[in-house]
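A short write-up of the structure that comes next.
What follows draws every value from the coordinates through simple rules; no lab data is involved. Bear in mind the structure is a predicted one, so any value in this text is a computation, not a measurement. Neighbour counts are summed over all protein chains in view; Cβ atoms, including those assigned to glycine, are modelled from backbone coordinates with ideal geometry.
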Amino acid sequence: MENSAAIVQTRDLTVKFGRRNALQAISMAVPYGITGVLGPNGAGKTTLLAVLATAVRIPAGAAWIGGHDLGTGSGRRAARELIGWLPQRFDLAGGMTAIDTVAYAAWANGIPAEAAVSHANEALQVVDLGGRAKDRVRQLSGGQRQRLGLAASIAHRPAVLLLDEPTSGLDPEQRRRFKASLEAATLDRTVLFASHLHEDLALIARQIAVLDEGGLVFMGTPQELTEFGEGSLKVGSKEAVTVNEFGEGYMRVLHSRGGRRPEG
């Protein structure tokens with residue numbers, strides 16, 4: 001592991017599906033706080049998070065979570081105790097209550113049964129669903145189910161949170177409420193939030209990684225992304241980043257290498 005200060009790290013991480021490079025020599029160190037993983041659909045975001053979640057094996061290169069080598073079986077098992085993962089598509093049992101859903105997730109991730117309900121109540125409060133704890137999943141709206149998924153992913157109090165397109169399919173108000181819940185849930189965590197929507201990340205991310213066609217084409221702060229391609233960076237600038245300026249910087253990053261326009 002190269003940077004002991006970063007809990008999530010990769011070095012020359014490469015993944016192929018058939019003849020296609022899903023990830024090409026990705027090297028990154030992810031700091032505390034929210035790191036946005038931005039890129040068009042098909043850029044490699046889902047594959048990157050799946051590798052870090054230990055759902056996809058590493059064929060070339062290396063990755064570490066909390067110092068645990070994901071290239072080894074023992075490393076993957078140890079890393080899973082530190083990870084909360086909200087994949088892009090996940091299933092919830094419609095007949096279960098919200099509290100039982102989250103308590104089960106806590107138990108499945110190693111929390112003793114006698115403590116699982118208290119962990120679940122805590123997680124539901126964080127995502128503003130405490131008042132819906134006894135409601136069945138089928139009674140919840142799409143946005144509430146997405147926040148329930150977030151609660152399930154944090155109930156075991158993971159150090160690392162991996163979120164794959166968590167606002168996909170939500171309307172603007174649902175997205176706003178999800179991001180508010182996310183900010184409350186990530187006060188003491190390292191988070192990778194993957195999205196093809198730059199507006200999801202502009203105002204909440206501490207760092208931005210831009211992927212395109214499997215490669216890491218930019219890594220820096222939102223301010224640095226905003227100023228990309230405008231001559232020189234304004235080192236030490238304190239001006240707030242706007243969503244439009246952030247989006248323009250993102251487009252310049254993609255265009256600088258002949259990249260695709262983001263979809264959606």
Worksheet entry | Taking N as its residue count, the alpha carbon Rg of the stretch 94-158 over 2.2 N^0.38 Å | 0.96
Worksheet item: Using the Cα atoms of the stretch 1-121 to build a convex hull, what is its mean projected area in square nanometres?
Response: 9.2 nm²
Worksheet item: What ³J(HN,Hα) values, in whole Hz, does the Karplus curve 6.51 cos²θ - 1.76 cosθ + 1.60 give for the stretch 213-227 when θ = phi - 60°, with x put for Gly and Pro?
Response: 6, x, x, 8, 9, 7, 9, x, 7, x, 4, 5, 5, 4, 8
Response to the item:
Inverse of <1/r> over all distinct C-alpha pairs of the chain, i.e. the Kirkwood Rh in Å, gives 18.9 Å
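Please report, in debye to the nearest 20, how large the charge dipole of the chain is about its Cα centre when each Lys and Arg carries +1 at its beta carbon and each Asp and Glu carries -1 there.
Details: 29 positive and 27 negative charges, 128 e Å.
Once rounded to the nearest 20, the dipole reads 620 debye.
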Worksheet, complete the sentence: Checking Leu150, Leu182, Leu203 against a Gaussian network model of the chain (alpha-carbon springs below 10 Å), the top fluctuating residue turns out to be Leu203
Worksheet, complete the sentence: Label model pair Ala113, Gln125: point-to-point distance (7 angstrom along the Cα→beta-carbon line) in nm is 2.5 nm
Discussion item. For the chain, what does the relative contact order come out to in percent, with C-alpha contacts under 8 Å and a separation of six or more?
Written reply: 24 percent
Worksheet item: Where the centre of each part is set by its Cα atoms, how far does the stretch 179-200 sit from the stretch 1-80, in angstrom?
Response: 18 Å
Discussion item. For Asp212, what residues show an amide H to amide H distance below 5 Å, using hydrogens built from the backbone and excluding near sequence neighbours?
Written reply: Val217
Discussion item. Taking θ = phi - 60°, what integer Hz values does the Karplus form 6.51 cos²θ - 1.76 cosθ + 1.60 yield along the stretch 166-174, in sequence order, with x for Gly and Pro?
Written reply: x, 9, 4, x, 8, 7, x, 5, 5
Worksheet item: Got a sec to turn the phi values of the stretch 42-49 into Karplus ³J(HN,Hα) couplings, 6.51 cos²θ - 1.76 cosθ + 1.60 with θ = phi - 60°, whole Hz, x for Gly and Pro?
Response: x, 6, x, 4, 5, 5, 4, 5
